[in-house]
1. Helix-only mean residue ellipticity at 222 nm, the chain, DSSP H runs n ≥ 4 weighted -39,500 (n - 2.57), per residue, nearest 500. What is it?
2. Using a simple charge model, +1 on the beta-carbon of Lys and Arg, -1 on the beta-carbon of Asp and Glu, nothing else, what dipole does the chain show about its Cα centre, in debye to the nearest 20?
3. Relative to the longest principal axis of the chain, what angle (0 to 90°, nearest 10) does the C-alpha long axis of helix 3-25 take?
4. What is the distance, in nm, between label points placed 7 Å from the Cα along the Cα-to-Cβ direction at Gln22 and at Trp130?
5. Taking the beta-carbon count within 10 Å as an exposure proxy, list Met49, Met1 from fewest neighbours to most.
6. Working out 0.36 nm times the residue gap between Glu46 and Leu34, then minus their Cα-Cα distance, what length gain in nm do you get to one decimal?
7. Just want the answer: with Cβ charges of +1 for Lys and Arg and -1 for Asp and Glu, which residue in Gly102, Ala12, Val120 is farthest toward the dipole's positive end in segment 1-133?
8. Which lysines, on any chain, are close to Lys103 with Cα under 24 Å apart, when same-chain ones fewer than 8 places away are left out?
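Derivation of every value follows stated rules applied to the coordinates shown; laboratory data play no part. Note that the coordinates shown come from a computational prediction; the quantities given were computed from them, not determined experimentally. Because the Cβ atoms are built from the backbone with ideal geometry, glycine has one as well, and the counts that use them run over all protein chains shown.
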Amino acid sequence: MSDVDSAAVRAAVDKYESAIKQDLDRLDDTIRTLAGLTYVRIFGLEDAMLARSTELALAGIAPEPFDQAILAGVLVSARRLWDSGERDISFCEQDGDLQPFGKSGANKRLLKDAYDESHVRVYGDFTLSWPPRSNGFER
């Protein structure tokens, strides 16, 4: 690599690092802003969620502790919504480890079953269009 190429790469990396540092410096303000939105609810994990997280770990459904905690929070909350009468429960998940479908759309059976038991429809994008909703999803 030439000196000119090295300088160009270094300049790009420096700019990228600077942007990351700025975002991290604003992180607390960003979280406060999100917490203040009426349609965002921030909650701590409680006993039912922690117990579900342990069940997920023992069943080998979610590979990492953080994924188990997130999935448990979603599943327990979705089940409560269902039990209270909600019938259109959707969730957008962009983390491939927690999507109940692979890149080709094939189901990850254990993960899909966990979502289905809690009556939650999982989408892979924020447009809620992929994967397409199957007829008669609501159970």
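1. Details: 5 runs with 73 residues, N = 139.
It comes out at -17000 deg cm²/dmol, rounded to the nearest 500.
2. Numbers: 17 positive and 24 negative charges, 99 e Å.
Charge dipole of the chain: 480 debye, to the nearest 20.
3. Approximately 50 degrees, to the nearest 10.
4. Taking the two extended label points, one gets 3.0 nm.
5. Numbers: Met49 21, Met1 8.
Ascending Cβ contact count within 10 Å gives the list Met1, Met49.
6. Values: separation 12, 0.36 × 12 = 4.32 nm, distance 2.12 nm.
Contour length minus Cα-Cα distance gives 2.2 nm.
7. Val120
8. List returned: Lys112.
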